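The values are calculated or read from the model by the stated rules, or taken from the named source; none is laboratory data. For clarity, every value in this text was computed on a predicted model and none was experimentally measured. Cβ sites come from the backbone with ideal geometry, for glycine too, and all protein chains shown count toward neighbours. Surface areas here come from the heavy atoms of the whole protein model, side chains and all, with no ligands, DNA or RNA. Shrake-Rupley method; radii C 1.70, N 1.55, O 1.52, S 1.80 Å.
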Amino acid sequence: MNATCPGALRFGSVLAFATLMGASSAAVADAERLETDLRTLFGGYGSVELGDVSSAMLRSRVTAEDVVFESEEGERLIIDRYVVSGDYDSPDEVTLEGVRIEDSLTDLMLMSAARIVLGQPSRAVFPLDDTLSPEEIRIGSLTIDDIVIDLASEIAEDLFYGTPFTASQGHMTIDQVRGESLAHDAIGMLEMTGVSGSGENLDEFGSGSFKLASLRFEGLTGLDVEGEEQLDSLVVRDVTVDSDRLVGSLALLDVDGDFSDGQGGLRLEELHIDLARMIEQAPADERTELRMVSNVLTDGTGKLRLDAAFLGDWEEEGGRSILLSDSRITIQDALRLVLDINLPVVLPDGVTPADVFADVDWLETATLLGGDIRLTLSNQGLFGRLATLGAAMEGVTEAQYIEQARTQAQGFGMMFGPQVQSVLLGLVELLDGTADELEISLALPAESNMATYTEDPLGLPDKLSMTVETR
């Protein structure tokens, strides 16, 4: 049989009681600190009321219930629960539940959020004044659920300053906002999902509705220095706008601004614009001209469909860098434009490919070691419609219009040289339908720099080897 020392039992009980009392005292102190911090937070700007402020000592959690703040400007902030979890001086999490901002005179809701969660914030309560330096304000992660915003409110004007939603009337809902590594000078990640709304006076959009499946950006730095902002990536998915001045949708906008890996660029997928509906809402005296442009671009459907990509890539080879670019624009049922660039370059000491992508002015200091540029223009119906429109506007037949264009091309060739003439005559072949594709290839000399071409643009044909082909 095992025996237990009564003295040991008494000592263990005393130790447990002392530990419990210590935790209880700390929990009470944290509750008092939270109440003081909340009253101090709002006290200088209006009146504040707090319901029950309590602590759960075993869970290291302190909660303030029914926080109501009445501002001197006539706004009322209501927070059902304000919860601080973990060490009060270095919280694991701060949660705000049932957040609402109302007009205290009319009780109209200006903004609401079902739940706001701050992960690893640098403070349990952030003061509204400037008692903290910007470096002291940090949030490890952020989640906001079920946001509703009145676009006519001053809150919306502050939130959307510089966007089409400033000084608008209407509402916006956001299913969720998520963020990571938030500080005064940088944001690691911020994402909005399930955005929708409708309103009036949406700046250049006019009045109407909009939807956005998601917007996410990563690696936003330089926020503390104007003009030094840099963004690693931006991805926008499934945008739809139906308004007075714009009717259209976009499946994807993908911007890769992080060139540290030598790659970056922009992709645009399935941009659809309903030109026909937009023209119906344009001023009557502008509709005829707009319809002519629409018919040429869309073959009379009134639906403009566009895809584009502007991609860059650096490769290192034998102590030099090779700049590669693959850029493409496709307007369905109209044309396709492809630009391929292959340029070997030697960059100045200390300059990286990422520096050049971030600031193309660095290319002016680089040495170009030959290389080639190829531009391909494919006709998918546009040039035939241009010939028809041009002939109608000139009051001549299409054959006469094309012959006039050919004569003008030959005349410009006499002025600017045979290389320019070959390009213009190639465009005439696209007009008359004898060719579907025009390809212009440029070969650079063995060694040059940007000044070689920028100082005398008219002399470019003599400095480059150019070939023009039609197919």
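To the nearest ten degrees, helix 382-394 and the longest principal axis of the Cα atoms of the chain are 60 degrees apart. Relative to the dominant Cα principal axis of the chain, helix 287-298 is inclined by about 90°. Of the two radii for the stretch 363-413, the radius of gyration is 1.28 times the Kirkwood radius, both from the alpha carbons; that is the Rg over Rh value. Which percent of the accessible heavy-atom area of the stretch 25-132 goes to carbon and sulfur, probe 1.4 angstrom? The C+S portion of the solvent-accessible surface of the stretch 25-132 is 48 percent. Computed on the stretch 397-471, with alpha-carbon pairs under 8 angstrom and 6+ residues apart, the relative contact order is 32 percent. Under a model in which nothing but the beta-carbon of Lys, Arg (+1) and Asp, Glu (-1) is charged, the chain shows a dipole of about 1220 debye around its Cα centre. Matching the structure-derived Cα Rg over 2.2 N^0.38 Å against the labelled list (i) 1.90; (ii) 1.41; (iii) 1.28 gives the label (ii). For the stretch 253-365, dividing the convex hull volume of the Cα atoms by the residue count gives 130 Å³ per residue.
Taking the 1.4 Å solvent-accessible surface of the stretch 137-283 as the whole, the part contributed by carbon and sulfur is 50%.
Taking the square root of 5 times each eigenvalue of the Cα gyration tensor, what semi-axes in Å does the equivalent ellipsoid of the stretch 80-151 have, largest first? Provide the component values of the computation, followed by the final result.
Details: eigenvalues 124, 45, 24 Å².
Its equivalent ellipsoid spans semi-axes of 25, 15, 11 Å.
Please report the net charge: other residues with Cβ closer than 10 Å to the Cβ of L246, K and R +1, D and E -1. Local charge sum for L246: -2. As a length-normalised measure over Cα pairs under 8 Å and 6 or more apart, the relative contact order of the chain settles at 6 percent.
Here the gap between S47 and R374, fully extended at 0.36 nm per residue and compared with their Cα-Cα distance, gives a gain of 110.9 nm. Overall shape of the stretch 210-312 was characterised from the C-alpha gyration tensor. The equivalent ellipsoid obtained from it has semi-axes of 34, 15, 13 Å, in decreasing order. Given a 1.4 Å probe and every protein chain left where it sits, what share in percent of the accessible area of the stretch 318-376 is carbon and sulfur? In the stretch 318-376, the share of accessible area belonging to carbon and sulfur is 54 percent. Seen against the Cα atoms of the chain and their longest principal axis, helix 6-43 is set at about 50 degrees. Per residue, the chain exposes an accessible area of 55 Å² to a 1.4 Å probe, with every protein chain left in place. When the charge dipole of the chain is built from unit charges on Cβ atoms (+1 for Lys and Arg, -1 for Asp and Glu) and taken about the Cα centre, the candidate among A435, V177, V28 whose Cα reaches farthest toward its positive end is A435. Within a Cβ distance under 15 Å of D107, other residues only, what is the Lys/Arg minus Asp/Glu net charge? Its environment carries a net charge of -3.
Return the Rg/Rh value of the stretch 25-132, two decimal places, where both radii are evaluated on C-alpha atoms and Rh is the Kirkwood radius.
With Rh from the inverse mean 1/r over Cα pairs, Rg/Rh is 0.97.
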